[in-house]
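The values are calculated or read from the model by the stated rules, or taken from the named source; none is laboratory data. Please read these numbers as outputs of a predicted model, since none were measured by experiment. Note that each Cβ is placed from the backbone with ideal geometry, even for glycine, and that neighbours are counted across all protein chains shown. For the accessible areas, the whole protein counts, side chains as well, though only heavy atoms, and no ligand, DNA or RNA atoms are used. Shrake-Rupley method; radii C 1.70, N 1.55, O 1.52, S 1.80 Å.
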Amino acid sequence: MATGQLFSRTTQALFYNYKQLPIQRMLDFDFLCGRETPSVAGIINPGAEGFQKLFFGQEEIAIPVHSTIEAACAAHPTADVFINFASFRSAAASSMSALKQPTIRVVAIIAEGVPESDAKQLIAYARSNNKVVIGPATVGGIQAGAFKIGDTAGTIDNIIQCKLYRPGSVGFVSKSGGMSNEMYNTIARVTDGIYEGIAIGGDVFPGSTLSDHVLRFNNIPQIKMMVVLGELGGRDEYSLVEALKQGKVNKPVVAWVSGTCARLFKSEVQFGHAGAKSGGELESAQAKNQALREAGAVVPTSFEAFEAVIKETFEKLAEEGKISPVKEIKPPQIPEDLNTAIKSGKVRAPTHIISTISDDRGEEPCYAGVPMSSIVEQGYGVGDVISLLWFKRSLPRYCTHFIEICIMLCADHGPCVSGAHNTIVTARAGKDLVSSLVSGLLTIGPRFGGAIDDAARYFKDAYDRGLTPYEFVESMKKKGIRVPGIGHRIKRGDNRDKRVELLQKFARTHFPSVKYMEYAVQVETYTLSKANNLVLNVDGAIGSLFLDLLAGSGMFTKQEIDEIVEIGYLNGLFVLARSIGLIGHTFDQKRLKQPLYRHPWEDVLYTNLRFAETVISAVSLVSVMLMAELS
């Protein structure tokens, strides 16, 4: 491995298996260091493509998302670091795929517990192809002021405290990611800070060793001393011992191997990492520390003394003039995310949506404050749910039963009405359920099913003003307005709409008052004297009875009743009900596999086009003659 520097201020990475927080931390570190370009060139999410929005300082950027490693490498040939956040089950395969890409130079494997046989294959392939593997079971690595992998060094506050936004003179390598964060802080307190730090990972077979990175640090001119933190278990530290004995390292190495307390236990003990377990004497922390000390490393007597010997070694190098003072710089302020700022009480932001009918923030959704479990346990019906979501209160049972009756009676009226016809034609054209449903719903209006609100509005206004049926009908006639809720294409005075009769019977039995319905019946009596088809239709029946429901229940103010009618609640009832039938017609046509509908010629009146053209020509001629006379 050896060679030198792994990263620089222009290093870019490909991030495998999208994780928002680690990527945003990398971008925030970039901004803190004054990088001109983001360190994340692209994201690989198997099976997905597009973009992910993130922040680069104050600017919101879109980072490309690729579905395969090959596509990402082809799109970003300068990105030579592969950061793998895949699970331990798939980390090996994706890492091998990345190593085989000619553009990838370094692979960092975050997952812990990668099968040892897979790890060995990755290591062998990387070494034979002159590539670097960091991990498995690693937090990654960092070059101060230049580039960092994922969550390395933790939060921005910790990075600033450890002065990682600018390069120092110390190269650091450890097995532990958590202890790396601790040591970055320690080193920053007693030296000019880190130049580069690597956590090789805590699994039994790491992709690169402590000595690999120490030898590499030895070739980097900016690094003046090295700090190594090992741990009991395995024999990785002995490769560093050999390198020191052979004179391959000519810079001071301060080292400590953790786990000296293992001798206090009578049996073998596992210390967190898969590779950190007390085995034979050679793998003990004491033996490793002694071997490093004898090979020439600076080894303290305890971990508590580690900081002091690091400080002493650094100050000696400074006295010898081997370390130049680092110019301190003030890092830029990282813009705080809005959600974080709101939680901390630093800012307040207006909401964009107001909802008063439901809430899904707790353990279970609530409709108008009523938990979903209560709705089910208390046997609420569709009418009860409508009363909660539409009227924001629990209405008496007779009210919710009436709503359910309206839905049942208005669910369908055969295939010939305009809404059903449109739905049928659309379904037979091969369109989907939603398209077929909407095509039918769009026909609902003043001439089809949309007269309930108008019927309620006009009946209420006339009754409240004390107009007689005669005065009401005749005043509407003078305005040129047909009375909403009166009239039917098929039903007659001697053949009433059964739906209307059922609604009236229910209301007379259960409603405290039916004054608006009785007024509508009186209006019907007058209109039938004009024509036998001017009967009270289902729109008029529902409209007038809903007025009685709202007024008679005693749960609504006059202002609320006026608002309900004005907004269009009652037409909403027809829309909801008829959707059931329209969905049924869609399924019916698809089940029957009906072909594309084409209207028959014999059912179309084709006008005489030649006659029409003659009329148009005559009109044009008269216009010309009039213009001539005027001039």
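Couple of notes before you dig in:
- Put simply, when 474-481, 40-47 are sorted by average Cβ atoms within 10 angstrom per residue, most first, you get 40-47, 474-481.
- Note on the stretch 175-244: semi-axes of the ellipsoid equivalent to its C-alpha gyration tensor, largest first and rounded to whole Å, are 20, 16, 10.
- With the whole protein complex present, Glu471 retains an accessible surface near 80 Å², based on a 1.4 Å probe.
- Sorting Thr586, Thr468 by solvent-accessible area of protein heavy atoms yields Thr468, Thr586, largest first, with a 1.4 Å probe.
- Relative contact order [Cα under 8 Å, 6+ residues apart], the stretch 358-410, whole percent: 25 percent
- Rotationally averaged projected area of the stretch 358-410 (alpha carbon convex hull; nm²): 3.6 nm²
- Among the trypsin sites (Lys or Arg not before Pro) in the stretch 42-143, those located in a DSSP loop and surrounded by at most 11 other Cβ atoms within 10 Å of their own Cβ are Arg89.
- Multiplying the residue separation of Ile353 and Lys245 by 0.36 nm and removing their Cα-Cα distance gives an extension gain of 31.9 nm.
- Solvent-accessible heavy-atom area per residue, rounded to whole Å², over the chain at 1.4 Å: 51 Å²
- Lysines with Cα under 29 Å of Lys515, excluding same-chain neighbours fewer than 8 positions away: Lys392, Lys460, Lys477, Lys478, Lys479, Lys491, Lys498, Lys505, Lys530, Lys558
- Of the residues Trp390, Trp601, the one with the largest accessible area comes first in the ranking Trp601, Trp390, computed with a 1.4 Å probe on protein heavy atoms.
- Relative contact order, percent, the stretch 1-155 [alpha-carbon distance under 8 Å, six or more residues apart]: 25 percent
- The chain - share of DSSP beta bridges that are antiparallel (%, nearest 5): 40 percent
- Overall form of the stretch 446-523 per C-alpha gyration tensor (a/c, 1.5; a/b vs b/c): oblate
- Accessible area of the stretch 55-134 belonging to carbon and sulfur atoms, whole % at 1.4 Å probe: 55 percent
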